Amino acid sequence: MKLSKIDKIELVYLQMSDYLEIKDVMQSAYSSMPDQYWRESHIKALLQKFPEGQVVIKVNDQVAGCALSIIVDYDKFDDNHSYKDITDNYTFNSHDSNGDVLYGIDVFIKPEYRGLRLGRRLYDYRKELCEKKNLKGVAFGGRIPNYHKYADQLSPKEYIEKVRLREIHDPVLNFQISNDFHPTRILKGYLEGDKSSKEFAVLLEWDNIYYEKPAKEAATLKKVVRLGLIQWQMRPYADIDALLQQAEYFIDAVSGYRSDFALFPEFFNAPLMAENNHLSESEAIRELAKHTEEIVQKFSNFSISYNINIIAGSMPEIKDGVLYNVGYLCKRDGTIERYEKLHVTPDEAKVWGLQGGHSLKAFDTDCGKIGILICYDSEFPELSRLLADEGMDILFVPFLTDTQNGYSRVRNCAQARAIENECYVAIAGSVGNLPNVHNMDIQYAQSMVFTPCDFAFPTNGIKAEATPNTEMILIADLDIDLLRELHQFGSVRNLKDRRTDIFNLKKL
């Protein structure tokens, strides 16, 4: 049939009234096995057990193709199962509405309608049904009808590899691989009488990236996460209470917009060094470190009372006489996590005597896994890649830069981290100046949220951006499911395509 003669294509649920057409389509689709077609009793059983799983595609109101499916508890079947096993000897009593995998029983297209990509529509329906039912994935035994031509030269495994490399054309397997199904094993003796495939089949699977394991607790993991970035104004404060009052003001503001995270900049508490400006820079910052414990405890209280996870930028801290640049993640459940700046800048080492930390880890939150890198650390791609390997979805970068040159380094590196790790990256810095604090000078910042660059995201990879050098908050919503889709189906797949056969990256 020519495309010009097609007036309507529709996908509808299978009805028993379609049976005679189904039989005709199946016999023409499986011409090498003319006796292999579903009887009325089979179709009736499928419709009784799982009507949603049985669909036909009609062209000009005539059946052109069909897809039949059941739901199974996959753990009940051996990895080497046969078609008889999975259908319970063609009774379909293996269907389990409480199962976890959608199993494809059959897909067939009438020969004269091939080339219209009708099969893709049927497979897409299965994927959508799988997501709707919150199942782990779709599976089926795929025939390899051209294998009989190569059986005396190649094993099934060798045949599949050559099909994958496009050295051999197999119409069924090629189609399934192009539709994101991946081969997982060879099934021997799968379909009795399938001489073309020598009774071999390939177990093909498609993973539902949106699958959520049924929760045993009331808590749920958020899929759309709202960030509140605080572009902090450096200004003099009379004391620590005044600084905390200003911090609470911003936390209250972003919480009022129901943000899940509040991100403060690096060394946001530096104005408190003004009271020790008569001391040397290294002595003044050590005095500042004495406020860290109180600030962290207060931020933890804020996180609970305002129901928000707070990333408390960074602060100086002394451990065993050594001065570090550290920050704290204050979760709204009351727990507190610590992170460290691993790379200190030459100025920080020379003027303040700061030393790099030793701990790197991703943090579990009620909004998924996050990573935090303080300023200069974002310029070392190994760190964020290690966090990505731990499942990080959002990378937070609190920073402090005095010049536009320094800011550009952080900004451009942060955007690169979003692309190469297929994650969101949020950066927040301080603006203004502190004329009464040595080694702080003028601050330059533009807080931003970066995304990967693919069709589901902004074309320039920028989700939101603050006004440069202006005190303000920036609110942005991030869809975590878009990252899952990107990992699996992106135009490019930076995480999947890494050449780990020629390099290895690991934490010591």
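Could you list, in sequence order, the residues of the range 333-366 that are basic (K, R) and surrounded by 21 or more Cβ atoms within 10 Å (Cβ to Cβ)?
K341
Could you tell me whether any residue of the range 427-434 is in a loop (DSSP other than H, G, I, E, B) and under 14 Å from the mean Cα position of the chain (by Cα)?
Among the residues of the range 427-434, not one is in a loop (DSSP other than H, G, I, E, B) and under 14 Å from the mean Cα position of the chain (by Cα), which makes the answer no.
Give the residues of the range 215-259 that are charged (D, E, K, R), farther than 25 Å from L288 by Cβ and at pLDDT below 95, sorted by residue number.
K216, E217, K222, K223, R258
Table: residues versus (1) touching a residue at least 60 places away in the same chain (Cβ under 8 Å); (2) assigned to a loop (DSSP other than H, G, I, E, B).
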| site | (1), (2) |
| --- | --- |
| L173 | no, no |
| I177 | no, no |
| T184 | no, no |
| E192 | yes, yes |
| E212 | yes, yes |
| K222 | yes, yes |
| G228 | yes, no |
| D241 | no, no |
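Being surrounded by fewer than 18 Cβ atoms within 10 Å (Cβ to Cβ), in contact (Cβ under 8 Å) with a residue 24 or more places away in the chain and under 26 Å from E348 (Cα atoms) is the filter here; which residues of the range 387-405 pass it?
D402, T403, Q404 - these are the residues of the range 387-405 that are surrounded by fewer than 18 Cβ atoms within 10 Å (Cβ to Cβ), in contact (Cβ under 8 Å) with a residue 24 or more places away in the chain and under 26 Å from E348 (Cα atoms).
Name every residue in the range 467-486 that is aliphatic (A, V, I, L, M) and under 23 Å from Y211 (Cβ atoms), in order of residue number.
Once the filter is applied, which keeps residues that are aliphatic (A, V, I, L, M) and under 23 Å from Y211 (Cβ atoms), the range 467-486 yields L478, I480, L482, L483, L486.
Scan (1) in a loop (DSSP other than H, G, I, E, B); (2) in contact (Cβ under 8 Å) with a residue 24 or more places away in the chain for the single condition Y37 breaks and write down its number.
(2)
Any chance the range 302-316 includes a residue that's outside any helix (DSSP H, G or I) and out of contact with any helix residue (DSSP H, G or I) (no Cβ under 9 Å at 6 or more places or on another chain)?
Yes, there is a match, as at least one residue in the range 302-316 is outside any helix (DSSP H, G or I) and out of contact with any helix residue (DSSP H, G or I) (no Cβ under 9 Å at 6 or more places or on another chain).
For L46, only one of the following conditions fails: (1) at pLDDT below 90; (2) part of a helix (DSSP H, G or I); (3) surrounded by 11 or more Cβ atoms within 10 Å (Cβ to Cβ). What is its number?
Going through (1) at pLDDT below 90; (2) part of a helix (DSSP H, G or I); (3) surrounded by 11 or more Cβ atoms within 10 Å (Cβ to Cβ) one by one, L46 breaks only (1).
S155 is checked against (1) farther than 22 Å from F108 by Cα; (2) touching a residue at least 12 places away in the same chain (Cβ under 8 Å) and fails just one. What number does that condition carry?
Answer for S155: the failing condition is (2).
Inside the range 427-445, can you point out the residues that are more than 17 Å from R417 (Cα to Cα) and modelled with pLDDT of 95 or more?
Result: G429, S430, V431, Y444, A445.
Report whether or not K149 is in contact with a helix residue (DSSP H, G or I) (Cβ under 6 Å, 6 or more places away or on another chain) and either among the polar types (S, T, N, Q) or more than 22 Å from L118 (Cα to Cα) (or both).
no
Hey, can you tell me all the residues within the range 42-71 that are in contact (Cβ under 8 Å) with a residue 60 or more places away in the chain and in contact with a Cys (Cβ under 8 Å, 6 or more places away or on another chain)?
V55, I57
The values are calculated or read from the model by the stated rules, or taken from the named source; none is laboratory data. If you're wondering where the values come from, they're calculated on a predicted model, not measured in any experiment. Cβ coordinates were reconstructed from backbone atoms using ideal geometry, including for glycine residues, and neighbour counts include every protein chain displayed.
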